[in-house]
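Right, one structure below, let's go through it.
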Amino acid sequence: MSERCDVVIVGGGVVGSAIAYFLLGQTTFKGRVAVIEKDSTYADAATSLSVGGVRQQFSTPENIAMSTFGAAFIKGIADYLTVDGEAPSVPFTEWGYLFLATEGGLDILTSNHVIQTGLGADIALMKPDQLKARFPWLNTADLAAGSFGRSNEGWTDPYSLLQAFKRKARSLGAVYVNDEVVAIQHSGSRVQAVQLAKAGRLACGNLVDSAGYHSHRVAAMAGIDLPIRPRKRCVFVFDCKTPIGRAPLTIDPTGVYFRPEGASFICGVAPPDERDPDCLDFDIDYSLFEETVWPTLAERVPAFETIKLARAWAGHYDYNTVDQNAILGPHPEIANFFFANGFSGHGLQQSPAVGRATAEMIAYGAYRSIDLTRFGFDRFAKGRTIIELNVV
């Protein structure tokens, strides 16, 4: 590897790898790209531990647009990430998302539906009798409505998508370095170099912080206070003897979700604020399942009263503590420091759009496909936060 790279991407998960691919494969950029990833196994990476959801059911237009492109990209992935005639095998289970609402949440569900369908999303707003007819296993007694993604929503395999991006990026010349950034050298309005734990100093023309739930630590090396913290999310796998048929990824009004996973199901819920500290461990909070998730599932789907917990895992969100939306684009003062983080659980599905947008900003100095200017870091200082209402 050269002792200087035109672009250094810190974090080689799905977002960082998408940026590398789009920069080298979809723009006129011709420079050197190095992707620094400290865990080449990705065992603890947020990408690998994600549930892989893809949806357009957001309240923010930019999020809807990004995930719309994400769905199209995954469905047509052979057109983008084929290497030497071999198309990647990245499944997309297009069974939809189903957001449920009681009377208290009906206005938000309805207003979100107007925004989503206005941007072309194929979302059906369903009354309780329609929900019962479509999903007979569902208890609709307390529901006012549900919104169901009829197409372009579902889930994919996160690790397969990551590896497809990485393989293609490497075929285009990206160099992956198994190392860790321990310092950033900067002066005035420019980053000059990164210091790697093993390889030493690497000069760079541009730096991208796509380090996921470690992003705030990378930003701090450049003197930037980034409002992102690692927040743990537990995923539980259970078996149910009573078949319920094809089910979408279903979100209860309480925030508890579940979806099929092969012959089993996975489920989870965000813990309450008082039980959601900054956290880097992978300990599983089984009390969430026993006290919140299972009782809610049993009430919503009667067949789930007799489920059996099979296993569980924990991963982390790069949680934006201000408005739970992505932070993208260049720093307003350090012009060659780019953000691609803060997704708060939406990074996988937004990775194709963020990869494309970040590549456009580096190569051309402007967004050319989706205008993501509102997600810039400067929104915090300007008081222009963007609150996303549909965070799962």
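The values are calculated or read from the model by the stated rules, or taken from the named source; none is laboratory data. Here the structure is a predicted model, which means the values were calculated and not measured. Ideal geometry is used to build each Cβ from the backbone, glycine not excepted, and the neighbour counts take in all protein chains shown. Surface accessibility is based on the protein's heavy atoms, side chains included, excluding ligands, DNA and RNA. Shrake-Rupley method; radii C 1.70, N 1.55, O 1.52, S 1.80 Å.
Computed values, structure above
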{"read-out": "Residue count, the range 252-267 (criterion: surrounded by fewer than 24 Cβ atoms within 10 Å (Cβ to Cβ) and either in contact (Cβ under 8 Å) with a residue 60 or more places away in the chain or of a type in the set (Asp, Glu) (or both))", "value": "7"}
{"read-out": "Residues satisfying the stated conditions in the range 148-179, i.e. farther than 30 Å from HIS113 by Cα and among the hydrophobic types (A, V, I, L, M, F, W, C)", "value": "LEU162, ALA164, PHE165, ALA169, LEU172, ALA174, VAL175, VAL177"}
{"read-out": "Residue match in the range 323-342 (condition: in contact with a strand residue (DSSP E or B) (Cβ under 7 Å, 6 or more places away or on another chain), surrounded by fewer than 20 Cβ atoms within 10 Å (Cβ to Cβ) and closer than 18 Å to VAL269 by Cα)", "value": "no"}
{"read-out": "Qualifying positions in the range 135-147 - open to solvent by 10 Å² or more (accessible area, probe 1.4 Å) and either at pLDDT below 95 or in contact with a Leu (Cβ under 9 Å, 6 or more places away or on another chain) (or both)", "value": "THR140, LEU143, ALA144"}
{"read-out": "Extreme residue, modelled with the highest pLDDT, among residues of the range 370-392 that are open to solvent by 70 Å² or more (accessible area, probe 1.4 Å) and aliphatic (A, V, I, L, M)", "value": "ALA381"}
{"read-out": "Of the criteria (1) touching a helix residue (DSSP H, G or I) at 6+ places or on another chain (Cβ under 8 Å); (2) more than 30 Å from GLU62 (Cα to Cα); (3) hydroxyl-bearing (Ser, Thr, Tyr), which one TYR317 fails", "value": "(2)"}
{"read-out": "The range 112-130, residues that are open to solvent by 60 Å² or more (accessible area, probe 1.4 Å) and either more than 26 Å from ILE370 (Cα to Cα) or of a type in the set (Gly, Ala, Ser) (or both)", "value": "GLY118, GLY120, LEU125, LYS127, ASP129, GLN130"}
{"read-out": "Unique match (being in contact with a Cys (Cβ under 6 Å, 6 or more places away or on another chain) and buried (at least 17 other Cβ atoms within 10 Å of the Cβ)) among ALA34, ALA20, ALA46", "value": "ALA34"}
{"read-out": "Qualifying residue in the range 352-369 (condition: at pLDDT below 95 and buried (at least 21 other Cβ atoms within 10 Å of the Cβ))", "value": "no"}
{"read-out": "Those residues of the range 35-89 which are of a type in the set (S, T, N, Q), closer than 27 Å to ASP323 by Cα and out of contact with any Lys or Arg (no Cβ under 8 Å at 6 or more places or on another chain), in sequence order", "value": "THR47, SER48, SER50, GLN56, GLN57, SER59, THR60, ASN63, THR68"}
{"read-out": "Hits in the range 164-200 - residues which are open to solvent by 50 Å² or more (accessible area, probe 1.4 Å), within 23 Å of the chain's Cα centre (by Cα) and more than 25 Å from GLY25 (Cα to Cα)", "value": "GLU180"}
{"read-out": "Residue in the range 195-208 that is hydrophobic (A, V, I, L, M, F, W, C), under 30 Å from GLU86 (Cα atoms) and out of contact with any helix residue (DSSP H, G or I) (no Cβ under 8 Å at 6 or more places or on another chain) present", "value": "no"}
{"read-out": "All positions within the range 162-201 that are in a loop (DSSP other than H, G, I, E, B) and at pLDDT 95 or above", "value": "LEU172, GLY173, ALA174, ASN178, ASP179, GLU180, ALA197, LYS198, ALA199"}
{"read-out": "Conditions (1) closer than 30 Å to ARG259 by Cα; (2) surrounded by fewer than 20 Cβ atoms within 10 Å (Cβ to Cβ); (3) out of contact with any Ser or Thr (no Cβ under 9 Å at 6 or more places or on another chain); (4) among the hydroxyl-bearing types (Ser, Thr, Tyr): number failed by THR28", "value": "(1)"}
{"read-out": "When residues of the range 202-218 are limited to those that are in contact (Cβ under 8 Å) with a residue 12 or more places away in the chain and outside any strand (DSSP E or B), the one surrounded by the most Cβ atoms within 10 Å (Cβ to Cβ)", "value": "SER210"}
{"read-out": "Flag if ILE228 is of a type in the set (A, V, I, L, M), buried (at least 16 other Cβ atoms within 10 Å of the Cβ) and over 20 Å from PHE148 (Cβ atoms)", "value": "yes"}
{"read-out": "Single condition SER59 does not satisfy, out of (1) within 17 Å of the chain's Cα centre (by Cα); (2) under 17 Å from SER160 (Cα atoms); (3) of a type in the set (Gly, Ala, Ser)", "value": "(2)"}
